[in-house]
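A.B. asks: Encoded as structure tokens, here's the structure I'll be asking about.
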Amino acid sequence: MAVVESHNLHRFFRTGDDEVAALRDVSLMLEAGEMVALIGMSGSGKSTLLSCLAGLDEPDGGHVVVVGQRITHRSEQERAGLRAEHIGLVMQSGTLVDHLTIRENIALQHELGGRSKTAPIEPILDLLGIRPQADKLPRALSGGEVARSGLAVAIATNAPVLLCDEPTAEVDADTEAAVLCEIRRRCRAGTVALIATHSSAVARQADRVIEIRDGRIV
Ligand SMILES: Nc1ncnc2c1ncn2[C@@H]1O[C@H](COP(=O)(O)OP(=O)(O)OP(=O)(O)O)[C@@H](O)[C@H]1O
Ligand SMILES: [Mg+2]
């Protein structure tokens, strides 16, 4: 079953007289349990696509369906609700709430999705090796620790969809392996993961690679 569907997505950005077509007619289907790498040069449209799939951004054309529900062309509030319920999100920046500790960030995201059980915080801290950082604020962490914490927050949601924008861009090879291992574990449990990446290790380990060039899937 397709858990994430995009149909003919278009997204244009205008600055002055310039227009950039960041997405051109992007259609894709992501099935439960798949680990998919999204590759492409800088500026090719990867982050724009993830933002549209997550309902953070509205496409100028086309639509997105997540877990059977349309997330595009709805109010901000409805999109936020669907996102909290269905999507674990790791963006290039801004995944963590600045004034909350890592532990509090994990708990908050878990609760926002209306999940009754307490978040499985302790095992996630250990899996990603960030237990010593658990009670610190994001600004007290290194780039790699922030990256792993962002992933911890997304994974704790236990959401059926995991959208990750360069989750291993700022980490060493060992940490990258740990992060991939954790994403793979989630996929075995049925989550679909779409990972925008410049890393060949991520692309190698994915079940499928989608390449985007100038806003178009090739
Ligand atoms: N808010 C915006 N306003 C204007 N142009 C934008 C905006 N967001 C993205 N763009 C443009 O859209 C294109 C796609 O950008 P996007 O961030 O999706 O690329 P990317 O593939 O994620 O790149 P990177 O690998 O560097 O993260 C780029 O040309 C970028 O400059
Ligand atoms: Mg990007």
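A.B. asks: Compute the relative contact order of the stretch 77-205 as a whole-number percentage, counting only Cα pairs closer than 8 Å that sit 6 or more residues apart in sequence.
C.D. replies: Taking the mean separation of contacting Cα pairs over the length of the stretch 77-205, I get 30 percent.
A.B. asks: Please give the length that would be gained between Glu122 and Ala2 if that part of the chain were fully extended, namely 0.36 nm times their separation in residues minus their C-alpha to C-alpha distance (nm, one decimal). Walk me through the intermediate numbers first.
C.D. replies: Numbers: separation 120, 0.36 × 120 = 43.20 nm, distance 3.16 nm.
Full extension of this stretch gives 40.0 nm more.
A.B. asks: I've got another one for you. Taking the simple approach of a point 7 Å from Cα along Cα-to-Cβ for both His198 and Leu108, what is their distance in nm?
C.D. replies: My value for the distance between the label points is 2.9 nm.
A.B. asks: Please check which bits of the stretch 64-89 a label hung off Leu100 would reach, taking the label as a point 7 Å along Cα-to-C-beta and the cut-off as backbone N under 13 Å.
C.D. replies: The answer is 84, 89.
A.B. asks: Would you mind estimating how fast the stretch 1-103 diffuses translationally, via Stokes-Einstein at 20 °C and 1.002 mPa s with the Kirkwood radius over Cα pairs, in µm²/s? All intermediate terms of the calculation are to be shown ahead of the outcome.
C.D. replies: Working: Rh = 14.8 Å.
Estimated diffusion coefficient is 145 µm²/s.
A.B. asks: Which percent of Cα-Cα pairs in the stretch 99-218 sits in each 10 Å bin, short to long?
C.D. replies: Result, from short to long distances: 13, 44, 32, 10, 1 percent.
A.B. asks: If contacts are Cα pairs under 8 angstrom and at least 6 residues apart, what is the relative contact order of the chain in percent?
C.D. replies: Details: 455 pairs, mean separation 65.4, N = 218.
Contact order relative to length: 30 percent.
A.B. asks: At R0 = 45 Å, how high is the FRET efficiency between Arg131 and Asp18 if r is their beta carbon distance? Nearest 0.05 is fine.
C.D. replies: Working: r = 47 Å, r/R0 = 1.05.
Once rounded, the FRET efficiency stands at 0.45.
A.B. asks: Here's something else I'd like to know. Which of Glu58, Glu76, Glu176 ends up with the largest GNM mean-square fluctuation for the chain, with Cα atoms connected below 10 Å?
C.D. replies: The residue that fluctuates most here is Glu76.
A.B. asks: May I have the extent of the alpha carbons of the chain along their three principal axes, as whole Å values ordered from largest to smallest?
C.D. replies: Largest first, the chain extends 48, 39, 35 Å along its Cα principal axes.
A.B. asks: Same structure, new question: Compute the length gained on full extension between Arg70 and Asp172: take 0.36 nm times their separation in residues and subtract their Cα-Cα distance, giving the result in nm to one decimal. Each step should come with its number before you reach the end.
C.D. replies: Values: separation 102, 0.36 × 102 = 36.72 nm, distance 3.74 nm.
Difference between extended and current length: 33.0 nm.
Bear in mind these aren't lab numbers, they're just calculated from the coordinates by the rules spelled out. Because the structure is predicted, anything quoted here is derived from the model rather than measured. No Cβ is skipped: glycine too gets one built from the backbone with ideal geometry, and neighbour counts run over all protein chains shown.
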